[in-house]
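Take a look at the structure set out below.
The values are calculated or read from the model by the stated rules, or taken from the named source; none is laboratory data. All figures in this text were calculated on a predicted structure; none of them were measured in a lab. Methodologically, a virtual Cβ is constructed for each residue, glycine included, from the backbone with ideal geometry; neighbour enumeration extends over all protein chains shown.
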Amino acid sequence: MKEKRVEFSGSVIGSEVSLGEGCVVENFSVLSGSIKSGTRCFFGAGCRIQGPAQIGNQVFIGERTTVGFPHQHQILQFQKGEIRTPSANSESTIIGNNCIIRAGSVIYAGSVLGDEVRIGHNVLIREQVKIGSKSMIGTGVTIDGNSVIGSKVSIQTNVYIPWRTHIEDNVFLGPHCILTNDKYTMRTPYDLEGPIIRRGASIGAGAVILPAIEVGTEAVVGAGAVVTKDVAPKTIVYGVPAKKYAPVPEAWRMPLE
């Protein structure tokens with residue numbers, strides 16, 4: 001016998017919402033716009049899902065989570081009376097299979113999460129962010145818009161990733177890392193450009209990476225370092241400003257697929 005969808009009191013589910021078998025919607029959630037989910041998805045109490053959105057199979061969305069938050073330009077258009085609602089003309093938000101999005105997180109419209117992405121509590125993911133499969137985003141992380149995060153990336157608690165950052169596969173970012181994208185802190189016009197963190201690199205806790213810096217493949221940045229120059233592949237750097245210490249030992253090199 002097929003398991004039926006369960007809807008708790010006070011929830012609002014719009015006419016364009018299509019939920020798969022075995023989905024659970026807890027109290028006082030709102031699902032509106034064009035939404036299609038796979039099977040056995042869980043929508044926690046008080047969550048807000050704004051379509052258009054595509055949600056895979058067996059996705060967990062914790063309480064008070066928002067998916068499909070409108071872009072700033074849409075809010076401004078609404079304030080000017082140019083569109084009917086702030087979510088009008090939104091880009092589709094896509095969440096892959098077997099993702100876990102914990103309580104209090106906010107994912108803007110147009111972002112894409114691959115399969116088996118794990119997201120901690122109170123995470124902010126801005127518009128048009130792409131996150132590859134099997135990546136982990138820790139509690140309190142902020143990822144600003146138009147950034148690309150690869151597969152099997154581990155981003156620890158309270159990391160900040162600015163607009164237009166590119167992080168390749170198998171990267172590790174330790175707790176409280178700060179990546180930046182404005183060389184002149186708004187003192188002069190500058191096209192914002194975040195760092196590039198290459199495949200297999202590791203960044204220690206509390207490190208700061210300045211704008212447009214490239215951290216090479218399998219490089220290691222020590223905790224608390226301030227990186228002002230590009231880091232060569234398979235090189236260890238640390239200090240303020242960060243300087244080369246040694247090549248990465250063979251024993252430290254991770255097997256990469």
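The table that follows gives values for the structure above.
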| quantity | calculated |
| --- | --- |
| Residue within the range 149-165 that is of a type in the set (Phe, Trp, Tyr) and either assigned by TED's automatic domain parsing to the domain that holds Ser105 or in contact (Cβ under 8 Å) with a residue 24 or more places away in the chain (or both) present | yes |
| Check on Leu31, modelled with pLDDT of 90 or more, assigned by TED's automatic domain parsing to the domain that holds Cys99, outside any loop (DSSP other than H, G, I, E, B) and within 20 Å of Leu124 (Cβ to Cβ) | no |
| Qualifying residue in the range 89-108 (condition: in a loop (DSSP other than H, G, I, E, B) and more than 23 Å from Ile125 (Cα to Cα)) | no |
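Residues are listed down the side, and each one gets a yes or a no for (1) among the acidic types (Asp, Glu); (2) touching a Gly at 6+ places or on another chain (Cβ under 9 Å); (3) farther than 26 Å from Ser111 by Cβ:
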residue	(1), (2), (3)
Gly145	no, yes, no
Trp163	no, yes, no
Arg187	no, no, yes
Asp191	yes, no, no
Val215	no, no, no
Ala232	no, yes, yes
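Residue-by-condition table, conditions (1) within 21 Å of Ser111 (Cα to Cα); (2) surrounded by 18 or more Cβ atoms within 10 Å (Cβ to Cβ); (3) in the same structural domain as Glu116 (by TED's automatic domain parsing):
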{"site": "Gly140", "(1), (2), (3)": "yes, yes, yes"}
{"site": "Asn170", "(1), (2), (3)": "yes, yes, no"}
{"site": "Gly222", "(1), (2), (3)": "no, yes, no"}
{"site": "Val227", "(1), (2), (3)": "no, yes, no"}
